[in-house]
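Participant: Quick one: the structure is below, questions incoming.
The values are calculated or read from the model by the stated rules, or taken from the named source; none is laboratory data. Model, not experiment: these values are computed from the prediction. A quick note on method: Cβ atoms are made from the backbone with ideal geometry, for glycine too, and the neighbour counts reach across all protein chains shown. Protein only, heavy atoms only, side chains kept; ligands, DNA and RNA dropped before computing areas. Shrake-Rupley method; radii C 1.70, N 1.55, O 1.52, S 1.80 Å.
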Amino acid sequence: MTSIGTGYDLSNSVFSPDGRNFQVEYAVKAVENGGTAIGIRCKDGVVLALEKLVSSKLLKKDANKRIATVDRHVGVVHSGLLPDGRHFVSRSRDEASSWRSTYKAPIPVSSLANRMGAYVQAYTLYSSVRPFGITAIVGGYDAETEVDVDGAVGSGPKSGSGGKSKGVKEGGPYLYMIEPSGLYWGYYGAATGKGRQSAKSELEKLKLDPKDGDCISLEEGVKEAARIIYVAHEDSKDKDFELEMTWISAVSGPTKGRHEEVPKELREEAERLAKKSLEGEDEDEEGKMEE
Amino acid sequence: MAALSSYSMPTEQPAFSFQNQPQSHASGGPTQHSFYPYTDNGGSTLGISGSSFTIIAGDTRMTSGYNILTRYAPKLFRIGGEGPEHAGAKIVLSVVGFAADGQALQERLDMVVKMYRYQHGKDMSVHACAQRLSHILYNKRFFPYYVQAILGGIDEEGVGALYSYDPVGSYEREQCRAAGAAASLIMPFLDNQVNLKNQYEPDAPQGLEKPQLQPQPLDRQTVEELVRDAFTSAVERHIEVGDGLQMMVITKDGIEELYSPLKQD
Amino acid sequence: MNHNPQAWGRPRDDVYGAYNSQYLPQHHGGPSAHPTTHTQSPIVTGTSVIAIKYSTGVVIAADNLASYGSLARFTDVKRLKPFNRKAVVGFGGDVSDMQYLDRLLSSLDVQENYSHNNDDPEDTKALMSAKNLHTYLAKVMYKRRSDFNPLWNSLLICGLDEKNKPFLATADLLGTTYSAPTLATGFGAHLAQPLLRKAVPDEEASQKLDKETAVEVVRECMKVLFYRDARSMNEYSIAVVDEKGVELKEKEKLENQSWAFADQIRGYGTQTV
């Protein structure tokens with residue numbers, strides 16, 4: 001059943017007779033045109049990467065960052081309508097900051113995803129608003145070490161009641177993707193935007209499920225992320241793009257538990273490898289043709 | 001009697017081993033704040049205006065009780081000009097008293113003078129600035145900036161201008177003024193040396209009608225020497241004054257800053 | 001039962017007396033005569049913080065004790081808080097106010113990191129310097145004293161300024177600020193400051209001082225403070241801030257204590273001569 005002309009697509013809060021909310025589906029269309037964004041949950045951290053399509057040659061290179069820091073340990077990348085993404089990020093920051101002032105601790109990534117999922121969903125309910133035209137990928141690291149509850153007097157009992165239980169670890173790397181409907185799941189690898197199909201099939205080839213044995217490290221993740229963005233860009237090769245990448249490791253890792261940009265040297269190395277692997281494929285194809 | 005009553009005689013009732021009896025809250029009145037929002041950071045300032053210049057000076061010691069908090073805390077501030085360096089400024093404010101209020105006052109006046117230039121496209125005159133400073137102080141008269149301010153510059157005729165203030169904004173233009181801890185030591189010296197008070201025509205015959213010497217505008221060299229003498233003497237007699245002497249000479253060409261050490265004892 | 005549903009299920013006034021709303025907040029029918037009250041004195045307190053500038057950085061130290069009056073209440077309280085790799089704040093005075101400021105600084109740091117990432121060399125300039133942090137904290141302190149709701153602390157803010165030169169300044173509960181090559185709060189102003197000034201009499205001397213001597217002088221001062229300040233303890237934190245970043249040690253013990261001077265003291269206690 002087509003939505004055009006039936007009248008069921010004119011408003012939020014109105015279902016079509018076969019149970020669809022067309023406004024939300026149009027929002028998904030907005031996302032499908034955005035630059036590819038991916039997230040990879042590795043063994044010891046999360047990588048976020050974005051194919052930032054260059055909309056004008058007059059824009060300064062490497063400026064206008066699109067992957068946002070929401071809290072020390074959380075980053076968000078989104079694809080779709082940029083201003084909607086800005087608002088999503090702003091709300092995420094408010095949630096993270098209010099969690100800190102209530103609980104004196106950083107917000108768990110799952111809780112942030114839950115709250116932002118609820119927030120995005122609320123925009124599908126009312127006729128006075130439109131849904132978010134973005135899909136957001138939320139990546140973060142819940143500290144495994146017993147975080148110093150900031151402002152604590154002393155360090156508390158070493159064991160026993162109110163103390164620490166030995167060998168129990170919580171936290172680790174987390175990755176969530178929130179869609180315009182408000183739907184969100186936790187992922188090992190997430191992709192959205194124009195090149196999501198090829199990105200997803202590349203992600204599926206990676207070892208990301210800890211149940212299948214050792215999964216890839218953060219540094220491998222960075223290189224894979226760069227490669228996948230380059231692969232995903234193949235379909236829209238005529239357009240220029242910049243690769244933007246951020247990462248979050250454990251407190252013991254390279255980013256010390258913070259969400260940070262991937263250092264320039266590492267990013268350039270990853271890009272070099274990504275280009276090389278693509279050239280390799282081309283050569284193979286050419287070789288086949290010759291045969 | 002007052003001396004007697006400060007000593008508490010032994011009584012039958014249980015007493016405290018220390019002198020200060022706890023204050024009774026049983027009266028039902030609201031508990032009063034024991035926080036006092038002011039302190040005195042000592043130091044002294046001084047300003048003298050001439051026919052084509054104004055000199056403002058202050059020591060750089062900052063104290064709290066018997067403690068020297070720092071040996072270099074300027075009490076002289078350039079007002080206006082461009083950027084955080086106040087390039088091209090031609091007004092100087094000196095503040096002495098409670099340093100935190102002095103800092104806050106300086107920042108406000110500087111902002112006002114800079115905004116004036118952005119909005120009107122010309123520098124604020126000293127007399128306008130002086131009036132504005134009075135308003136700033138007066139507006140906070142129920143919770144005053146606890147400072148004695150002196151404002152100096154060059155007026156629209158090119159003559160040295162000097163304004164002195166009390167903490168709630170009462171002000172007047174003067175030839176010279178000393179403020180702060182050693183004001184009572186320096187001011188009489190200035191009365192005598194600048195305004196030639198109690199100086200008479202030496203050649204005139206003795207008697208009631210002996211004519212006073214008339215004050216003449218002083219040259220820059222003389223004023224600088226007066227300022228140095230005033231401070232070296234004040235340092236000898238006042239514990240809150242010392243460490244360094246900062247001077248700002250305002251002429252039509254701008255502000256010249258001079259620094260010389262004072263005794264650190 | 002009566003005909004007033006609002007009274008059903010509530011204790012009867014004629015049996016139990018009227019409800020005492022004395023302790024309720026004003027908007028729930030509590031007493032209205034009371035004015036808003038604020039901190040009137042510190043409760044749990046930390047003692048001195050001391051710091052000294054040297055050629056390329058700053059050394060700062062404070063012990064790990066939080067006292068409740070004369071009771072040594074908490075013995076593992078860290079009073080030096082690193083803000084970023086350019087700035088450390090040392091807190092003296094009320095511990096709860098320190099915790100408030102610490103949370104304020106945490107949220108400030110989170111906000112600072114919204115806009116830039118640290119790896120871009122151009123961005124290092126935008127990194128908040130110790131000087132920026134001092135200005136911010138001084139304004140917080142002055143605002144609170146002007147509201148008659150002071151944060152009962154003496155702060156030392158140290159690190160590097162925007163030109164990566166050593167920076168050291170203070171802010172207290174009145175909003176008073178000043179800067180010097182050596183600074184000490186609380187008892188340290190009486191006991192440590194003279195020793196620090198002997199090592200570094202002026203700015204020029206501090207530019208010639210090397211890191212090792214600076215650390216040594218500070219450790220010596222911590223020892224003297226422990227000898228003479230009754231609200232101090234022998235475990236302390238010490239931090240060095242320079243271009244390499246913040247090096248913070250939080251479990252330092254006083255070493256080579258000498259109590260030989262003790263039996264030379266006359267005028268207290270039970271000695272007869």
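Participant: On the protein heavy atoms, probe 1.4 angstrom, tell me the percent of accessible surface of chain C carried by carbon and sulfur.
Facilitator: The C+S portion of the solvent-accessible surface of chain C is 52 percent.
Participant: Then there's this: Please name which of C:Leu196, C:Gly57, C:Pro82 has its Cα lying farthest along the dipole of chain C towards the positive end, using unit charges on Cβ (Lys, Arg +1; Asp, Glu -1) and the Cα centre as origin.
Facilitator: Result: C:Leu196, furthest along the dipole toward the positive end.
Participant: Right, something else. Given C-alpha coordinates of the range B:79-120, what is the ratio Rg to Rh with the Kirkwood estimate of Rh?
Facilitator: Result for the range B:79-120 is an Rg/Rh of 1.00.
Participant: Next up: Taking 7 Å along the Cα-to-C-beta vector as the label spot, tell me the C:Glu162-A:Asp62 distance in nanometres, rounded to one decimal.
Facilitator: About 2.3 nm separates the two model spin labels.
Participant: For B:Lys263, go through the lysines and keep the ones whose alpha-carbon is under 17 Å away, minus same-chain ones fewer than eight residues off.
Facilitator: Result set, ordered by chain and number: C:Lys198.
Participant: What is the diffusion coefficient of the protein assembly as shown in µm²/s, taking the Kirkwood radius over Cα pairs and the Stokes-Einstein relation at 10 °C with a viscosity of 1.306 mPa s?
Facilitator: 49
Participant: Taking the simple approach of a point 7 Å from Cα along Cα-to-Cβ for both C:Asp76 and B:Asn198, what is their distance in nm?
Facilitator: For C:Asp76 paired with B:Asn198, the spin-label model returns 7.0 nm.
Participant: Once you've got the Cα coordinates, tell me which of A:Lys60/C:Lys139; C:Lys163/C:Lys253; A:Lys207/A:Lys239; A:Lys256/C:Lys143; C:Lys53/C:Lys223; A:Lys211/A:Lys237 are over 28 Å apart.
Facilitator: Pairs exceeding the cut-off: A:Lys60/C:Lys139; C:Lys163/C:Lys253; A:Lys207/A:Lys239; A:Lys256/C:Lys143; A:Lys211/A:Lys237.
Participant: Which one of B:Tyr171, B:Ala128, B:Ala104 is farthest out on the positive end of the charge dipole of the range B:77-217, using unit charges on Cβ (Lys, Arg +1; Asp, Glu -1) and the Cα centre as origin?
Facilitator: Checked the options; the winner is B:Ala104.
Participant: What number results when the radius of gyration of chain B, computed over Cα atoms, is divided by 2.2 N^0.38 Å?
Facilitator: Normalised Cα radius of gyration, chain B: 1.24.
Participant: Per-residue ellipticity at 222 nm for chain C, helices alone: DSSP H runs ≥ 4 residues times -39500 (n - 2.57), over residue total, nearest 500 deg cm²/dmol?
Facilitator: -9000 deg cm²/dmol
Participant: Return the calculated 222 nm mean residue ellipticity for chain B, to the nearest 500 deg cm²/dmol, obtained by summing -39500 (n - 2.57) across DSSP H runs with n ≥ 4 and dividing by the residue count.
Facilitator: It lands at -8500 deg cm²/dmol.
Participant: Residue farthest toward the positive end of the dipole of the protein assembly as shown, with Cβ of Lys/Arg at +1 and Asp/Glu at -1: which of A:Ala143, B:Leu190, C:Asn149?
Facilitator: Farthest along the dipole direction, towards plus: C:Asn149.
Participant: Starting from the range A:19-75, pick out the trypsin sites (Lys or Arg not before Pro) whose DSSP state is loop and whose Cβ has at most 12 other Cβ atoms within 10 Å.
Facilitator: Hits after loop and neighbour filter: A:Lys57, A:Lys60, A:Lys61.
Participant: What does the average come to when, for each residue of peptide A:90-97, you count the partner chain Cβ atoms lying within 10 Å of its Cβ?
Facilitator: Across A:90-97, the average partner-chain Cβ count within 10 Å equals 1.
Participant: Which percent of the accessible heavy-atom area of chain B goes to carbon and sulfur, probe 1.4 angstrom?
Facilitator: 52
Participant: Kindly write out, for the range A:112-119 in residue order, the coupling ³J(HN,Hα) from the Karplus curve 6.51 cos²θ - 1.76 cosθ + 1.60 (θ = phi - 60°), rounded to whole Hz, with x marking Gly and Pro.
Facilitator: 5, 4, 4, 5, 6, x, 4, 5
Participant: Next question. Looking at the range C:75-179, which GluC sites (Glu not before Pro) are in a loop (DSSP not H, G, I, E or B) and have at most 16 other Cβ atoms within 10 Å?
Facilitator: Qualifying residues, ordered by number: C:Glu162.
Participant: How about the range C:151-197: which of its residues lose at least 50 Å² of accessible area in the presence of all protein chains relative to their chain isolated, using a 1.4 Å probe?
Facilitator: C:Leu174, C:Thr176, C:Tyr178, C:Arg197
Participant: Under unit Cβ charges (Lys, Arg +1; Asp, Glu -1), what dipole magnitude, rounded to 20 debye, does chain C have relative to its Cα centre?
Facilitator: Charge dipole of chain C: 560 debye, to the nearest 20.
Participant: Another question about this same structure. For a quick check: with amide H placed at 1.01 Å from N, whose amide H comes under 5 Å from B:Gly244's, ignoring anything fewer than 5 positions away on the same chain?
Facilitator: The list, which skips near neighbours in sequence, is B:Thr60, B:Arg61, B:Leu262.
Participant: Separate question: With charges set only on the Cβ (+1 for Lys and Arg, -1 for Asp and Glu), what does the dipole of the protein assembly as shown come to about its Cα centre, in debye to the nearest 20?
Facilitator: Its charge dipole is roughly 2060 debye.
Participant: Restricting to DSSP H runs of at least four residues, report the calculated mean residue ellipticity at 222 nm for chain A, -39500 (n - 2.57) per run over all residues, nearest 500 deg cm²/dmol.
Facilitator: -11500 deg cm²/dmol
Participant: To the nearest 0.05, what FRET efficiency results for A:Asp240 and A:Glu265 with a Förster distance of 22 Å applied to their C-beta separation?
Facilitator: With a Förster radius of 22 Å, E is 0.45.
Participant: May I pose another question? Compute the Kirkwood hydrodynamic radius of the range C:193-263, taking the inverse of the mean of 1/r over all pairs of distinct Cα atoms, and give it in Å to one decimal.
Facilitator: When all Cα pairs of the range C:193-263 are included, the Kirkwood radius is 13.7 Å.
Participant: Let me ask another. Under a 1.4 Å probe, what is the accessible area of the range C:44-250 per residue, stated in Å²?
Facilitator: 39
Participant: Could you derive backbone 3J(HN,Hα) for the range A:64-80 from the dihedral phi with the Karplus parameters 6.51, -1.76 and 1.60 (θ = phi - 60°), listing whole Hz in sequence and x where the residue is Gly or Pro?
Facilitator: Along the range A:64-80, the couplings run 6, 4, 10, 8, 9, 8, 9, 8, 2, 10, 10, x, 10, 10, 9, 10, x Hz.
Participant: Counting only protein heavy atoms and using a 1.4 Å probe, what share of the accessible area of chain A belongs to carbon plus sulfur, as a whole percent?
Facilitator: 51
Participant: Here's a follow-up. Could you sort the peptides A:268-281, C:185-198 by per-residue average Cβ neighbour count (10 Å cutoff), highest mean leading?
Facilitator: C:185-198, A:268-281
Participant: On to the next question. Loop-only check: which trypsin sites (Lys or Arg not before Pro) in the range C:121-183 are DSSP coil with at most 13 other Cβ within 10 angstrom?
Facilitator: C:Lys163
Participant: With springs only between Cα atoms under 10 Å, which of A:Asn64, A:Asn12, A:Asn21 fluctuates most in a Gaussian network model of chain A?
Facilitator: Maximum among the listed residues: A:Asn64.
Participant: From the square roots a ≥ b ≥ c of the eigenvalues of the alpha-carbon gyration tensor of the range A:1-124, which class results: rounded (a/c under 1.5), prolate (a/b over b/c), or oblate?
Facilitator: In terms of gyration-tensor shape, oblate.
Participant: Can you give the average number of partner chain beta-carbon atoms within 10 Å of each beta-carbon in peptide B:101-109, as a whole number?
Facilitator: What the average comes to for B:101-109 is 2.
Participant: Can you pull a Stokes-Einstein diffusion coefficient for chain C at 25 °C (0.890 mPa s), Rh from Kirkwood over Cα pairs, as a whole number of µm²/s?
Facilitator: Answer, rounded: 116 µm²/s.
Participant: About the Cα centre, and with charges only on the beta carbon of Lys, Arg (+1) and Asp, Glu (-1), how big is the dipole of chain A? Nearest 20 debye, please.
Facilitator: Using Cβ point charges on Lys, Arg, Asp and Glu, chain A gives about 1480 debye.
Participant: For chain B, what is the accessible area per residue in Å² when the probe is 1.4 Å?
Facilitator: Per-residue accessible area for chain B comes out at 55 Å².
Participant: Compute the distance in nm between two label points, each set 7 Å from the Cα along the Cα-to-Cβ direction, one at C:Glu204 and one at A:Thr102.
Facilitator: 6.0
Participant: Mind checking which lysines have their Cα closer than 26 Å to the Cα of B:Lys210? Skip sequence neighbours fewer than 8 apart in that chain.
Facilitator: Here the lysines satisfying the reach criterion relative to B:Lys210 are B:Lys197.
Participant: Can you tell me the length gained on complete extension of the stretch B:Asp40 to B:Ala128, counting 0.36 nm per residue apart and subtracting the Cα distance?
Facilitator: The B:Asp40-B:Ala128 span can extend by a further 28.8 nm.
Participant: May I ask for the accessible area buried between chains C and B, both sides summed, probe 1.4 Å, to the nearest 100 Å²?
Facilitator: Buried: approximately 2100 Å² between B and C.
Participant: With a 1.4 Å probe, what is the total accessible area buried between chains C and A, in Å² rounded to the nearest 100?
Facilitator: What C and A bury together is about 1600 Å².
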